[in-house]
Amino acid sequence: MKNISILGSSGSIGVQALDFISKTKKEFKVCGLSVNSNIELLKKQIAKFNPVAVSVFSKEDADKLQKWCNEKKYKVKVFFGKEGLNKIASIKQVDMVLSSVVGSVGLEPLLCAIDSGKDIALANKESLVMAGRLIMQKAKEKGVAVLPVDSEHSAIFQCIGKENKKSIKRILLTASGGPFYKSDKNFKDITVEDALAHPTWKMGKKITIDSATLMNKGLEAIEASVLFDVPMDKIDILIHPQSVIHSMVEFNDGCVMAQLSNPDMTLPIQYALSYPERKNCYIKRLNLTEVAKLEFFKPDFKKFKCLQIAYKAAKTGGTMPAVMSASNEVAVKSFIDGKIKFDMIPYVVETVIKKHKVIKSKNISKYFEADLWARKQAENIIKNIEECK
Ligand code: MG
């Protein structure tokens, strides 16, 4: 039996992971759970999985939850804040931590889990973008596995298998293209509802907006470069609207390996949690005659500026990807909150990037500083945009 902690258990990935775990029989024990503020869902998860410890963001919620646990006689330790996340990431008997929190807030607990020798199932791509090389180095030192939960990276991981990394010619990172790939709607006029209507994947809000700007694919290219130690110029993005091929790897001899399935996050989640085993199929099996056609197109770097920005930031390296990701987080939140228009997301990110003086350091605190700096810059730019309205 594998003991698991889930960081971000009320989010889309966390909920699907628990759903998969509940379908398996005594193969996993859920030891730790964390949510930001959805304590009603956390209560249901406590009742169902009986973890040893949980964490929420605020002390107020933690007090409320502790009272509820006492009344219901659940012997659960309740923690809160950043410290709480770190506690859930490092529970003694835990073998694997699934990190599915959104944003750079995931970096600290991730490092904490690696330090404590836990294997990682990683859905939190922002932490890899922020300080990926340091994370992978630390994981190597500690001898822990970092298994991708992102569907594309799960595909690449499976396509590479036991091949020698030197045989990789290039990675073909597939993208559905999001809701606006074929649309000629002016980006200024795109509403939050338009952007949240993803054609093939059901996901959380932040990643759905990132998929609409294609920043998600930019973040994923950086994520792939770090996870598989492949330079950015060997990572090509390919628009594939059916989302059936989840990515491909081309080898030196011209062979191309692809991983296919219906688009359902359950599969990459269960593969990471169960690795190296393959468990039963809980998703709709792929029927290729039903799919009938698979299409591929080149991405439009001019229309989707976030793609350009991400490749440039990755090439610059150092603290630049962290700055890009942090300012994007702020811009996306402001778009969802109705403060800025859709076309302003790349504008905010690019403006912050232009102001940043890159630091190349092995000191993790520099990446946290860059993240904070970028957030403040992005907030100021957004305030100016609002004042000019
Ligand atoms: Mg993905």
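List of remarks:
- Residue among Gln270, Gln259 that alone is part of a strand (DSSP E or B), under 17 Å from Gln158 (Cβ atoms) and among the polar types (S, T, N, Q): Gln259
- Residue tally, condition under 12 Å from the mean Cα position of the chain (by Cα), outside any loop (DSSP other than H, G, I, E, B) and hydrophobic (A, V, I, L, M, F, W, C), over segment 200-214: 1
- Candidates are the residues of segment 128-174 that are surrounded by 22 or more Cβ atoms within 10 Å (Cβ to Cβ) and in a loop (DSSP other than H, G, I, E, B); the one that is farthest from the ligand (Cβ to nearest atom) is Val149.
- Failed criterion for Ile120 (all others in (1) buried (at least 21 other Cβ atoms within 10 Å of the Cβ); (2) in contact (Cβ under 8 Å) with a residue 60 or more places away in the chain hold): (2)
- Taken over segment 201-220, the criterion of being more than 9 Å from the ligand (Cβ to nearest atom) and surrounded by fewer than 23 Cβ atoms within 10 Å (Cβ to Cβ) is satisfied by Lys202, Gly204, Lys205, Lys206, Thr208.
- Residues that are closer than 9 Å to Ser327 by Cα, without any contact (Cβ under 8 Å) to a residue 12 or more places away in the chain and assigned to a helix (DSSP H, G or I) are absent from segment 353-363 altogether.
- If you go through segment 187-200 and pick out every residue that is within 13 Å of the ligand (Cβ to nearest atom) and either in contact with a helix residue (DSSP H, G or I) (Cβ under 7 Å, 6 or more places away or on another chain) or within 24 Å of Lys315 (Cα to Cα) (or both), you end up with 1.
- Check on Val101, closer than 13 Å to Phe57 by Cβ and part of a loop (DSSP other than H, G, I, E, B): yes
- Selection from segment 58-73 of residues that are crowded, with 16+ Cβ neighbours inside 10 Å and out of contact with any Lys or Arg (no Cβ under 9 Å at 6 or more places or on another chain): Asp61, Ala62
- Restricting attention to segment 222-234, the residues that are surrounded by fewer than 23 Cβ atoms within 10 Å (Cβ to Cβ) and either within 11 Å of the ligand (Cβ to nearest atom) or assigned to a loop (DSSP other than H, G, I, E, B) (or both) add up to 3.
Values in this text are rule-based calculations from the coordinates and carry no lab data. Just so it is clear, the structure is predicted and the values come from calculations on it, not from any experiment. Don't worry about glycine lacking a Cβ; one is built from the backbone with ideal geometry, like all the others, and counts go over all protein chains shown.
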